[in-house]
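Data first, discussion second: the structure below is written as structure tokens.
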Amino acid sequence: MSLYQNLTEEISNGILTLTISRPEHLNALNTSTIEEIRTVIQDVYDNKEIKGCIITGEGSKSFVAGADIKEIAELNELNARKFAENGQEVFSLIEQCEKPIIAAINGFALGGGCELAMACHLRIASENAKFGQPEVNLGIIPGYGGTQRLTQLVGKGKALELMTTGDMITAQDAKSIGLVNHVVETKEELMELSNKIMSKIIAKAPLAVGMVINCVNAYYSSEENGFQAEANFFSNCTKTEDFHEGTKAFIEKRKPEFKGE
């Protein structure tokens, strides 16, 4: 039985699969779901048994169809900023996590759903996936980091087009502009490929994987010099047991056994 009202989770071979489970609402994000996601992601940080996380939506119809419109309709100037900042904080936890997090996108990924997917390190979509930031249709703008991450991923011109028109795009179009990494036919193939890629990543030196994530994030930070961050993390790698194991295994022509130390 799930510990959560709006999520289910399953761990196998070090991979946590987190499923957004509000199918009657197309898995839309309400405040309680955001807080449940925060709790699970914090566990990803802290639980040594979890090597990586895959986030998906229940069923094949929707990944996350957006935020809960009924909640949004009740917002005002006094509480809207906190509403946005809270979602941004949770999605930043995903983006900054040193363990890999993959979005397995089945069906609609709109508004907050697209923003959730973009906070993940990689995005894999089924053929029926639809992406969009349609907030202007409601008289608002993306509030969970969409204006920033969409621009980072697809460039200024395309990001502005998508956010000012509110248009939806297909999975293939999303791949062509760099929004997703891979597109497959079915939900079954989606989960299979997501697990295959995640298994490949978590077989590598985990500290090095985390440092790659940190360095890539540093590229987008106004407070960090990405090249200096890379040099610092490169130096830090040489202090790890995984570095010595990896180089030794290469010389001895055997498979390394990384321990994350």
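Give segment 120-142 a look and list any residue that's of a type in the set (A, V, I, L, M, F, W, C) and surrounded by fewer than 17 Cβ atoms within 10 Å (Cβ to Cβ), or say none. Across segment 120-142, the qualifying residues are 136, 138, 140, 141. Of the residues making up segment 215-235, just one is in contact with a Phe, Trp or Tyr (Cβ under 8 Å, 6 or more places away or on another chain) and surrounded by 18 or more Cβ atoms within 10 Å (Cβ to Cβ), namely 215. With respect to residue 192, determine if the residue is among the acidic types (Asp, Glu) and open to solvent by less than 30 Å² (accessible area, probe 1.4 Å). Here the answer is no, as residue 192 does not meet what is asked. Scoring residue 8 on the criteria (1) in a helix (DSSP H, G or I); (2) within 20 Å of residue 108 (Cα to Cα); (3) open to solvent by 50 Å² or more (accessible area, probe 1.4 Å) leaves a single failure, condition (1).
On the given criteria, is residue 76 among the polar types (S, T, N, Q) and either within 21 Å of residue 8 (Cα to Cα) or in contact (Cβ under 8 Å) with a residue 24 or more places away in the chain (or both)? When the stated conditions are applied, residue 76 does not pass them. Looking across segment 84-122, the residues that are in contact with a strand residue (DSSP E or B) (Cβ under 6 Å, 6 or more places away or on another chain) and either in a loop (DSSP other than H, G, I, E, B) or modelled with pLDDT under 95 (or both) come down to 99, 100, 106, 107, 111, 120, 121. Look at residue 169 and say whether it is of a type outside the set (Asp, Glu), outside any helix (DSSP H, G or I) and touching a strand residue (DSSP E or B) at 6+ places or on another chain (Cβ under 9 Å). Yes, satisfied.
Against the numbered list (1) free of Cβ contacts under 8 Å to residues at least 24 places away in the same chain; (2) open to solvent by 60 Å² or more (accessible area, probe 1.4 Å); (3) not in a helix (DSSP H, G or I), residue 204 comes up short only at (1). Taken together, the residues in segment 127-147 that are on the phi < 0 side of the Ramachandran plot and without any contact (Cβ under 8 Å) to a residue 24 or more places away in the chain amount to 2. Exactly one condition in (1) in contact with a strand residue (DSSP E or B) (Cβ under 8 Å, 6 or more places away or on another chain); (2) basic (Lys, Arg); (3) open to solvent by less than 60 Å² (accessible area, probe 1.4 Å) is not met by residue 38; state its number. The number of the failed condition is (1). Check segment 61-77 and report whether any residue there is among the acidic types (Asp, Glu), open to solvent by less than 70 Å² (accessible area, probe 1.4 Å) and part of a loop (DSSP other than H, G, I, E, B). Among the residues of segment 61-77, at least one is among the acidic types (Asp, Glu), open to solvent by less than 70 Å² (accessible area, probe 1.4 Å) and part of a loop (DSSP other than H, G, I, E, B), which makes the answer yes. Taking segment 241-261, which residues are open to solvent by less than 50 Å² (accessible area, probe 1.4 Å) and over 27 Å from the mean Cα position of the chain (by Cα)? Matches in segment 241-261: 245, 246, 249, 256. Of all residue pairs spaced 6 or more apart or on separate chains, those with beta-carbon atoms under 9 Å, a first member in segment 41-56 that is closer than 24 Å to residue 192 by Cβ and open to solvent by less than 10 Å² (accessible area, probe 1.4 Å) and a second member that is part of a loop (DSSP other than H, G, I, E, B) and aliphatic (A, V, I, L, M) are 44/50.
The values are calculated or read from the model by the stated rules, or taken from the named source; none is laboratory data. Keep in mind it's a predicted model, so treat the numbers as computed, not measured. Reconstructed Cβ throughout: ideal geometry from the backbone, glycine too, with neighbour counts over all protein chains shown. We work out accessible area using only protein heavy atoms, side chains counted, and drop any ligands, DNA or RNA first. Shrake-Rupley method; radii C 1.70, N 1.55, O 1.52, S 1.80 Å.
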